[in-house]
Amino acid sequence: MLILDAPAAMRSWSDARRARGASIGLVPTMGALHDGHLALIDAAAARCEEVVASIFVNPLQFNRPDDFDTYPRPLVDDIEQCRQRGVTAIYAPTQESMYPNGFETFVVPGSLSEPLEGAGRPGHFRGVTTVVAKLFHAVRPDVAVFGRKDFQQLALIERMVTDLDMGIEIIGVETVREADGLAMSSRNRRLTPSQRAAAVVVPAALDAAAAIIDAGGASADTEAARRSAVELIAAEPLARLEYLEVVDPGTLREPAGPAQALLAVTAVWFGDVRLIDNQLISGLLHSADG
């Protein structure tokens, strides 16, 4: 397994593999790998002969310096996990090679970046789309795999690839969860034992919203479902809700009318650790005032 740390070296390797007819799958990560990341690697391996995992903690997408500084970076362990999973190459660029002196060009996303995560994290998605575009240009993958836990991020990347004619197939993989339902996240390791126990309220709240909507069918009251989920989180003393919304997964905004699916999505704080999660709810649905 190769470890490459500069765009030119990555492109050279990728070009050589493609010249031999191999397809390349990319799994972009910020490291601190867990079983959720490994599921993405497996999905890439199922589609492509060569799998590249990128490991880069991207400063552009952090709107809090303390979050960037404390983000876990167990690179040695990450490399070993990739090796055991059969990854062909790791792309671990330095910050200097990604953003050299004088860097001033960014990929600016559109309306999908404005609600939810975008509302509370100014500039976050500009950082995401910029770094992913740079990873795509260095790795030149045929396929790129992302987790659906970051639903809004996945939607933005799909939109970017379409709008900029990148010609890359984007695959979304379902959220991998712990036995108690908590979505796997690199940030989970920063939770104290009591916070970790309390964090199960996040998937429980999404389940509660989904249950109300499923029970209501075409007459489901989405606002009642949202309120029920909010009350559940409010009852947990260690949880601090940032937002919980029920939205149209196509627009990431309140449904304007009948919808074939809804997305319950939330961000919740436990101390200084911020967790996000979502649940896709299928069926013929409409908003409470529809």
Task: Index of the failed condition, Ala239 passing every other in (1) closer than 20 Å to Leu154 by Cβ; (2) at pLDDT 85 or above - done: (1)
Open item on the list: Looking at (1) crowded, with 19+ Cβ neighbours inside 10 Å; (2) assigned to a helix (DSSP H, G or I), which one does Arg159 not meet, given that it meets all the others?
Closed with: (1)
Task: Tally of residues being closer than 30 Å to His137 by Cα, without any contact (Cβ under 8 Å) to a residue 24 or more places away in the chain and in a loop (DSSP other than H, G, I, E, B) across segment 162-182 - done: 2
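May I ask you to verify whether Ala144 is within 16 Å of Phe56 (Cα to Cα) and either in contact (Cβ under 8 Å) with a residue 60 or more places away in the chain or crowded, with 22+ Cβ neighbours inside 10 Å (or both)?
Answer is yes for this residue.
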Open item on the list: Could you tell me how many of the residues in segment 197-242 are under 25 Å from the mean Cα position of the chain (by Cα) and closer than 20 Å to Ala261 by Cβ?
Closed with: 13
Open item on the list: Take Glu50 and tell me if it is under 16 Å from Val139 (Cα atoms) and of a type in the set (D, E, K, R).
Closed with: yes
Task: Number of the exception - Ala183 against (1) buried (at least 21 other Cβ atoms within 10 Å of the Cβ); (2) over 16 Å from Gln152 (Cα atoms) - done: (2)
TODO: Report the residue count in segment 122-135 for those that are in a loop (DSSP other than H, G, I, E, B) and either loosely packed, with under 12 Cβ neighbours inside 10 Å or hydroxyl-bearing (Ser, Thr, Tyr) (or both).
DONE: 1
Open item on the list: Just to check your reading of the model, which residue among Val201, Val161 is outside the structural domain of Ser113 (by TED's automatic domain parsing) and more than 25 Å from Phe68 (Cα to Cα)?
Closed with: Val201
Open item on the list: Which count do you get for residues in segment 1-16 that are without any contact (Cβ under 8 Å) to a residue 40 or more places away in the chain and either touching a helix residue (DSSP H, G or I) at 6+ places or on another chain (Cβ under 6 Å) or farther than 12 Å from Ala92 by Cβ (or both)?
Closed with: 3
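Here is a list: Ala234, Ala264, Ala259, Ala239. Which entry is among the small types (Gly, Ala, Ser), within 14 Å of Glu117 (Cα to Cα) and touching a strand residue (DSSP E or B) at 6+ places or on another chain (Cβ under 8 Å)?
Working: Ala234 fails: within 14 Å of Glu117 (Cα to Cα); Ala259 fails: within 14 Å of Glu117 (Cα to Cα); Ala239 fails: within 14 Å of Glu117 (Cα to Cα).
Only one candidate qualifies: Ala264.
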- [ ] Run down Val108, Val76, Val128 and say which single residue is assigned by TED's automatic domain parsing to the domain that holds Ile24 and within 15 Å of the chain's Cα centre (by Cα).
- [x] Val128
- [ ] Return yes when Ala210 is buried (at least 18 other Cβ atoms within 10 Å of the Cβ) and not assigned by TED's automatic domain parsing to the domain that holds Val107 and no when it is not.
- [x] yes
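The values are calculated or read from the model by the stated rules, or taken from the named source; none is laboratory data. These figures come from a predicted structure and were not determined experimentally. Here the Cβ is made from the backbone with ideal geometry for all residues, glycine too, and neighbour counts use every protein chain on show.
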